[in-house]
1. Given the conditions (1) open to solvent by 10 Å² or more (accessible area, probe 1.4 Å); (2) touching a Leu at 6+ places or on another chain (Cβ under 7 Å); (3) under 18 Å from residue 65 (Cα atoms), and given that residue 17 satisfies all but one, which numbered condition is not satisfied?
2. How many residues does segment 28-37 hold that are in contact with a helix residue (DSSP H, G or I) (Cβ under 9 Å, 6 or more places away or on another chain) and open to solvent by 10 Å² or more (accessible area, probe 1.4 Å)?
3. Would you check if residue 240 is under 21 Å from residue 173 (Cα atoms), open to solvent by 60 Å² or more (accessible area, probe 1.4 Å) and in a helix (DSSP H, G or I)?
4. Does segment 38-51 contain at least one residue that is surrounded by 14 or more Cβ atoms within 10 Å (Cβ to Cβ), in contact (Cβ under 8 Å) with a residue 60 or more places away in the chain, aliphatic (A, V, I, L, M) and in contact with a Phe, Trp or Tyr (Cβ under 8 Å, 6 or more places away or on another chain)?
5. Go through segment 1-14 and give me each residue that's open to solvent by less than 50 Å² (accessible area, probe 1.4 Å) and of a type outside the set (Gly, Ala, Ser).
6. Just name the residue that is most open to solvent (accessible area, probe 1.4 Å) out of those in segment 200-221 that are outside any helix (DSSP H, G or I) and either at positive phi or touching a residue at least 24 places away in the same chain (Cβ under 8 Å) (or both).
7. Are any of the residues in segment 171-178 open to solvent by less than 60 Å² (accessible area, probe 1.4 Å) and either in a helix (DSSP H, G or I) or of a type in the set (Val, Ile, Thr) (or both)?
Amino acid sequence: MNNQFTKNFVAFEEDGLNPTASSVATHLYDYGNLSVKNGWIKNGMVFVKCMRESLAKKINVSVDTITRTLRILEDKGWIIVKRQRNAANIYFLPKYYDLNLDTKQQNATLENANCNQNQTNFKQSFTNETDVTSKSSKNKQIEIPKTKIGNEENKQIHISGFDRMQNLVDSLKQKACFGHDLINILVKYSENTGVLYNYAQLIFKAKKTVIAKLIQNGKPEAKDALRFENNISLMPELTEFMKSLIIKTRCTKSIKNVAGYITKALHEFFTDAVGGYMSIERHAKLSKNTKDFRIPIIQLDK
């Protein structure tokens, strides 16, 4: 048993997994090492193929126990399962790179060390349950042309990919009023800044389009209904909706136009959200109007 295997097992235990779940997760992530060598990576996530019977035999438990354990790992965000008929299921490992960091690459330069520290701070602030995938932390350099100021020459400024990711996240939180959980989900499934930006743009455009359409159809209340600060249920519902939507588009081969699929689904989501919000508002107004209603008491002659 190698050190990385033991380290992964401890990480799963520290996340609150029981010994069986920790063992199953450790074996799946250990299989991921071979997947990396074979190039089994899709959308930035390492994946493995494994029969439940094989895992049961490996860990010496029943197949039913493996089935229940896999559900636990899926709920905790350690795996994403693509179920297949008459074939081994495919298990995506969204946190593989977080458990298998290349320490030599981490310490290669001072810039990388600073980037890792920023990543730690960022995860503590915004991503309690998920991390940015490895592609997010690769340093993509933006080169600013050299210009002369007096007799001195400016040096090229290098901005890490993670710094740009964090800057975008700050903007989504402060200016777009995205909630913590929504940001967490979008970051988890964004391999780089561009992917995160595209997901945010799809949400913005769909919301804007629905508001404009409903206002044109004589429903001006749509604007208030889709304001995150007004409709308190909108943000948590949108978070869960985006999570299931992204996973579905990534694990379903038949979906070719991902952006179009997400856009259409978001249009339906926001339209339904307006209807639900207005129903609640009408109910609240009705309750308010009848709250102080009193039936007059008429004193009868004795």
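The values are calculated or read from the model by the stated rules, or taken from the named source; none is laboratory data. Everything quoted here is computed from the prediction, not taken from an experiment. Please note: Cβ atoms are built from the backbone with ideal geometry, for glycine as well, and neighbour counts cover all protein chains shown. Accessible surface areas use protein heavy atoms only, side chains included; no ligands, DNA or RNA. Shrake-Rupley method; radii C 1.70, N 1.55, O 1.52, S 1.80 Å.
1. Only one criterion in (1) open to solvent by 10 Å² or more (accessible area, probe 1.4 Å); (2) touching a Leu at 6+ places or on another chain (Cβ under 7 Å); (3) under 18 Å from residue 65 (Cα atoms) is unmet by residue 17, namely (2).
2. First, the residues of segment 28-37 that are in contact with a helix residue (DSSP H, G or I) (Cβ under 9 Å, 6 or more places away or on another chain): 28-30, 32-33, 35-36.
Checking which are open to solvent by 10 Å² or more (accessible area, probe 1.4 Å) leaves us with 30, 33, 36.
Number satisfying all stated conditions: 3.
3. Considered against the rule, which asks whether it is under 21 Å from residue 173 (Cα atoms), open to solvent by 60 Å² or more (accessible area, probe 1.4 Å) and in a helix (DSSP H, G or I), residue 240 comes out as yes.
4. Checked segment 38-51: at least one residue is surrounded by 14 or more Cβ atoms within 10 Å (Cβ to Cβ), in contact (Cβ under 8 Å) with a residue 60 or more places away in the chain, aliphatic (A, V, I, L, M) and in contact with a Phe, Trp or Tyr (Cβ under 8 Å, 6 or more places away or on another chain).
5. Matches in segment 1-14: 5, 8, 12.
6. Once the filter is applied, the top-ranked residue is 219.
7. Taking segment 171-178 first, the residues open to solvent by less than 60 Å² (accessible area, probe 1.4 Å) are 171-172, 176, 178.
Okay, now just the ones that are also either in a helix (DSSP H, G or I) or of a type in the set (Val, Ile, Thr) (or both), so 171-172.
Checked against the condition, which is being open to solvent by less than 60 Å² (accessible area, probe 1.4 Å) and either in a helix (DSSP H, G or I) or of a type in the set (Val, Ile, Thr) (or both), segment 171-178 yields at least one hit.
For every residue, the table says whether it meets (1) touching a Pro at 6+ places or on another chain (Cβ under 6 Å); (2) aliphatic (A, V, I, L, M); (3) modelled with pLDDT of 90 or more.
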residue: 224; (1), (2), (3): no, no, no
residue: 227; (1), (2), (3): no, no, no
residue: 230; (1), (2), (3): no, no, no
residue: 242; (1), (2), (3): no, yes, yes
residue: 247; (1), (2), (3): no, yes, yes
residue: 255; (1), (2), (3): no, yes, no
residue: 264; (1), (2), (3): no, no, yes
residue: 267; (1), (2), (3): no, no, yes
